[in-house]
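Each remark here refers to the structure printed beneath this line.
The values are calculated or read from the model by the stated rules, or taken from the named source; none is laboratory data. All values derive from a computational prediction rather than experimental measurement. Ideal geometry is used to build each Cβ from the backbone, glycine not excepted, and the neighbour counts take in all protein chains shown.
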Amino acid sequence: MSYANDMPTVEKVARTDAGLASELRVSVMRLRRRLANERDPANELSMNAMAVLGALYRNGDLSVGELAGHERVQPPSMTRTVSCLADDGYVVRGSHPTDRRQVVVSLTDLGRETLLADRRRRDQWLAQRLRELTPDERAALRAAAPILERLATS
């Protein structure tokens, strides 16, 4: 007795929302790992620390609480990450202009340069992979990118 016809195929699985969710989850996680592997080996910062630098680059100065909210972690965890980044010169901590109880975190030149160099390296790798795709495949990804961003930030 053959069960080959009973096995789910990519085509059958992707027809359902649950199947699409599974396919996207696996693909996005594989791409994330692949991009992480393209980081500069000399960059010893964790992906979480790099995400903090990225949040500061995109949003400007933020409090520890705001950073924790952006990265969806607990404030004590963010405090530890910020302390490590500050100790190594990637960020500086300062006083909040209106609430002395809060600490404001700012990106230093070293933090900005580290972030941008890391992004350039990974963007170059991804741009090369994109050049290997057909124009229709690139157009599909161009259309999907804002949708993926909306999912990621919801």
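Let's see how each residue does on (1) touching a helix residue (DSSP H, G or I) at 6+ places or on another chain (Cβ under 9 Å); (2) on the phi > 0 side of the Ramachandran plot:
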{"site": "Arg72", "(1), (2)": "no, yes"}
{"site": "Pro76", "(1), (2)": "yes, no"}
{"site": "Ala86", "(1), (2)": "no, no"}
{"site": "Ser95", "(1), (2)": "no, no"}
{"site": "Thr98", "(1), (2)": "no, no"}
{"site": "Arg112", "(1), (2)": "yes, no"}
{"site": "Ala117", "(1), (2)": "no, no"}
Q: Could you list, in sequence order, all residues of region 17-43 that are among the charged types (D, E, K, R), under 24 Å from Arg119 (Cβ atoms) and either surrounded by 11 or more Cβ atoms within 10 Å (Cβ to Cβ) or modelled with pLDDT under 90 (or both)?
A: Arg32, Arg34, Glu38, Arg39, Asp40
Q: Please find, among Ala86, Ala49, Ala68, the residue that is modelled with pLDDT of 90 or more, within 14 Å of the chain's Cα centre (by Cα) and assigned by TED's automatic domain parsing to the domain that holds Leu116.
A: Ala49
